[in-house]
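**Student:** Below is one structure. I have some questions about it.
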Amino acid sequence: MTPDHIMRSSSIMACCESTVPNNAITSSDPVPSSKMQYPLQEKIGTPELLVGREKEFKNFGKWIANIPKKLSKSRVILARRKSGKTAFIQRIFNQLWSANGTVIPFYFDISENKVWYPTFAMDYYRSFATQYISYMERDPSLIGTLLSLEELGVYGKRNGIEPLLRDIDSMLQDKAAGMHDLVWKTAYSAPHRFADFYDRRFLVIIDEFQNITQYVYPDPHYQTAPIESLAGSFHYHVESKIAPMLVTGSYVRWLINISSKYLEAGRLTEMFISPYLTQESGLQAVYRYADAYGEPITNDTAVQINTLCMSDPFFISCVIQSNFEEKNLITEEGVVNTVNYEITNRYSEMSRTWGEYIQLTLQKINDRHAKNMLLFLSKHSDRYWTPKELKETMELDLEIREIQEKLLTLVEADMLEWGNADIDFRGLQDGTLNLILRNRFEKEIHNFEPDLKQEFHAQIRALKQEKQKIQGMLSNLTGQVAEMQLSNAFRSKKRFVLSYFFPSSVDIIETDTLDKYYSNSTIQEALKTPLNIVDVKTRLIFQREDGKNLEIDIVAESACGCIILVEVKKQAAKTGIAVIEDFHEKVVAYQKQRPDNRIIPAFLSLGGFTESALDLCIEKSIVVNDKIINF
């Protein structure tokens, strides 16, 4: 990238005077879709895969709204790996960037890679300055770039950015003089100093903050110990009200210890995030992952997957993407076998992820007693246990002091929870961990291997007894994932006639209109044509002849050459004639691109249709329905 490339406005100073308020962050997608941008590539992948977390977004929305008023205290998000915290904070960054309001976000990930001290400092500063310019210039392409000091200097001169020019000069001089502490000081203090100089507000987001104590080395060859005290650099700035911090950590106890030792207790407000979603959000995640990866599921198996995965989106994603050779997610047996594979196969993604946690523990304690206590406490995580109670209940041949020491080591390794009293310990209330531990240790400890498949089938049998509750949950969810339910139904059913999903007896059609609907031979032929679906795409975007982009919700192609184009409207209001006209325009444009295929247009409107809209559907031979049937 050349220095000229970043010159896109007459003056950044004009941007600095913006007073546009931030949109409230109350959900994963609070910014209007027409304005929402994703300059920071989120690790979750497709943005739609982030579901739920309404409670957390609402909480942080209030916190962010108070940053302009200098009322927000720095926070730390504590959660195990694969709990969704990175996706959460990256979405916050993209929301703030898209809102273009009074809070400027800065995101930095401290990876688990060794790095030389001055290189780390330069990387931190260049990331901050590049993102700052990206925000002010409204150029999303810069977020994926790291501008050099030369490019930053050219930009600073052309726009009169005094702090930027001073920082670059001092960093280069200090690095040349070997004064690496001063290089780092310039870097980590930059957001606070810029906020003060321009009377703006910044949000400093640092992912995996605990890694700063383990991977930054004072020598370029990594021959000495890492600089553990580097976290203390933020001792003062963590209290900034003009550039508060939001940091995360995957190893809860490790990060708590760092915060207490180097930042002093109370300087970071601790926020815990559960890896589990609500049942409804978890079910929505199942549909979204299945749709994203084109994996056939049914309504029944969607509920089964969500239940066995305990509404854990990472667990759900592992099952949907599983490499299990016999994966089949449209039958109960297939779901059970796939879930079992992810838990029991040592090389599955789910098992490997938890294996890292377990291995960290076993490096410190690798004896039968520690495993036994860990397994017991994970099974009985509904209460706290003292070393004395464990000794008596488990009949341990250990001194109470020895039990206490092993329990504390397990706490430090984030495998147990420590209560308010020094002698209280509890297993993590994490059902996924319990399954992994049972699979790994039960045979070693209790001389038998757990039959998880049988337990999974038992869970599903119990689930079937709650049929009314399940139907209600599916009904509530339909308005959000109707097109996913239908596209997945096309994949799982595969061979059908369209009347299976769009029957000719439609409650929404008045008698006289129904007669016209029946008499339309093209509609009747479309409903009765046998289909063998070979490909299903959702939200397909294509270009009209004049270059305009058009989007179709579902495109399902049959082996016979028929292509079903489906528009899905999920709002409660009736679909009017204008919407049908727009859909028909898409159908005509698509047909021109596929002249040798027979196009069957269909429209699912959960709110029903106006009379004029229905008349137009009949005129244009569009198959209709207003409810989810056989999905």
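Laboratory data are not the source of any read-out in this text; all were calculated from the coordinates shown. Everything numeric here is computed off the predicted structure, so don't read it as measured data. All Cβ positions, glycine included, derive from the backbone under ideal geometry; neighbour counts span all protein chains shown.
**Student:** Considering only DSSP beta bridges with both partners in the chain, what is the antiparallel share in %, to the nearest 5?
**Tutor:** Close to 40 percent.
**Student:** Okay, moving on. Cβ under 15 Å from Val497's Cβ, Val497 left aside: what net charge do those residues give with Lys, Arg +1 and Asp, Glu -1?
**Tutor:** Charge balance in the 15 Å sphere: +4.
**Student:** Restricting things to alpha carbons, find the Rg to Rh ratio for the chain using the Kirkwood radius for Rh.
**Tutor:** Reported Rg/Rh, Kirkwood definition of Rh: 1.03.
**Student:** Taking Cα atoms, how many degrees apart are the long axis of helix 349-362 and the longest axis of the chain, rounded to 10 and kept between 0 and 90?
**Tutor:** 20 degrees
**Student:** For the residue pair Tyr500 and Lys327, what label-to-label distance in nm results when each label sits 7 Å from Cα along the Cα-to-beta-carbon direction?
**Tutor:** 2.3 nm
**Student:** Restricting to Cα pairs below 8 Å that are 6+ residues apart, what does the relative contact order work out to for region 351-429? Please round to a whole percent.
**Tutor:** Rounded, it is 40 percent for region 351-429.
**Student:** Something else: Sorted by mean Cβ packing within 10 Å, highest first, what order do the peptides 456-467, 89-100, 176-187 take?
**Tutor:** 89-100, 176-187, 456-467
**Student:** Ok, one more. Just how many % of Cα pairs in region 351-429 lie over 14 Å apart, if you round to the nearest whole percent?
**Tutor:** More than 14 Å apart: 57 percent of the Cα pairs in region 351-429.
**Student:** Check the straight Cα-Cα distances from Lys73 and name the lysines below 24 Å, setting aside those fewer than 8 residues away within the same chain.
**Tutor:** Cα-Cα hits under 24 Å: Lys55, Lys58, Lys62, Lys85, Lys185, Lys241, Lys261.
**Student:** Under 18 Å Cα to Cα from Lys528, which lysines show up? Leave out anything in the same chain fewer than 8 places away.
**Tutor:** Lys493, Lys494, Lys516, Lys620
**Student:** For Glu54 and Thr393 in the same chain, what is the full-extension length gain: residue separation times 0.36 nm, less their Cα-Cα distance, in nm?
**Tutor:** Once the chain is fully extended between Glu54 and Thr393, it gains 117.9 nm.
**Student:** Give me the net charge for the shell around Ile533: Cβ to Cβ below 10 angstrom, other residues only, Lys and Arg +1, Asp and Glu -1.
**Tutor:** +2
**Student:** Near Ile580, within a Cβ-to-Cβ distance under 13 Å, what is the net charge of the other residues, with Lys and Arg +1 and Asp and Glu -1?
**Tutor:** -3
**Student:** Then there is this: Would you mind getting me the FRET efficiency between Asp615 and Glu162? Use the beta-carbon distance for r and R0 = 56 Å, nearest 0.05.
**Tutor:** Efficiency, from the Cβ-Cβ distance: 0.25.
**Student:** Going highest first, how would you order 236-246, 149-159 by mean Cβ packing within 10 Å?
**Tutor:** 236-246, 149-159
**Student:** Here is a follow-up. What are the aspartates and glutamates whose alpha-carbon lies under 18 Å from the alpha-carbon of Lys467, with same-chain residues fewer than 8 places away excluded?
**Tutor:** Glu280, Asp300, Glu332
**Student:** Turning to a different aspect of this structure: So for region 351-429, taking the charge dipole from beta-carbon charges (+1 Lys/Arg, -1 Asp/Glu), which of Ser378, Thr393, Trp418 sits furthest toward the positive end?
**Tutor:** The one lying farthest along the dipole's positive direction is Ser378.
**Student:** Determine how many Å³ per residue the convex hull of the Cα atoms of region 482-625 encloses.
**Tutor:** Considering the Cα atoms of region 482-625, their hull volume per residue is 101 Å³.
**Student:** What full-extension length gain, to one decimal in nm, is calculated for Glu444 and Gln41 as 0.36 nm per residue of separation minus the Cα-Cα distance?
**Tutor:** Contour length minus the Cα-Cα distance gives 140.7 nm.
**Student:** Sort the following peptides by mean Cβ neighbour count (other Cβ atoms within 10 Å, averaged over residues), highest first: 119-127, 369-377.
**Tutor:** Descending packing order for the listed peptides: 369-377, 119-127.
**Student:** Now for a separate question. By count of other Cβ within 10 Å, fewest leading, how are Tyr107, Tyr217 ordered?
**Tutor:** So the residues, fewest neighbours to most, are Tyr217, Tyr107.
**Student:** Then there's this: Restricting to DSSP H runs of at least four residues, report the calculated mean residue ellipticity at 222 nm for the chain, -39500 (n - 2.57) per run over all residues, nearest 500 deg cm²/dmol.
**Tutor:** -14500 deg cm²/dmol
**Student:** What distance in nm separates the simple spin-label points at Ile273 and Ala578, each placed 7 Å from Cα in the Cβ direction?
**Tutor:** In this crude spin-label approximation the distance works out to 3.9 nm.
**Student:** What order do you get for Asp596, Asp451 when you list them from fewest to most C-beta neighbours inside 10 Å?
**Tutor:** Asp596, Asp451
**Student:** Could you work out the Kirkwood radius for region 263-396, taking every pair of different alpha carbons, averaging 1/r and inverting it, reported in Å?
**Tutor:** This gives a value of 17.4 Å.
**Student:** Next question, about the same structure. Hand me the tally of lysine pairs in region 351-429: alpha carbons under 14 angstrom apart, and the pair either on different chains or 8 or more positions apart.
**Tutor:** For region 351-429, the number of qualifying lysine pairs is 5.
**Student:** Among Ser233, Ser521, what is the fewest-to-most ranking by other Cβ atoms within 10 Å?
**Tutor:** Ser521, Ser233
**Student:** Across the Cα atoms of region 396-489, what radius of gyration and what greatest pairwise Cα-Cα distance (Dmax) are found, in Å?
**Tutor:** For region 396-489, the Cα radius of gyration and maximum Cα-Cα distance read 20.7, 61 Å.
**Student:** Hey, another quick one. So how much slack lies between Leu550 and Tyr347, counting 0.36 nm per residue of separation and subtracting their Cα-Cα distance, in nm?
**Tutor:** Gain on extension, Leu550 to Tyr347, equals 68.8 nm.
**Student:** Any idea what Rg and Dmax come out to for region 425-564 if you just take the C-alpha atoms, in Å?
**Tutor:** Over region 425-564's Cα set, Rg and Dmax evaluate to 23.7, 73 Å.
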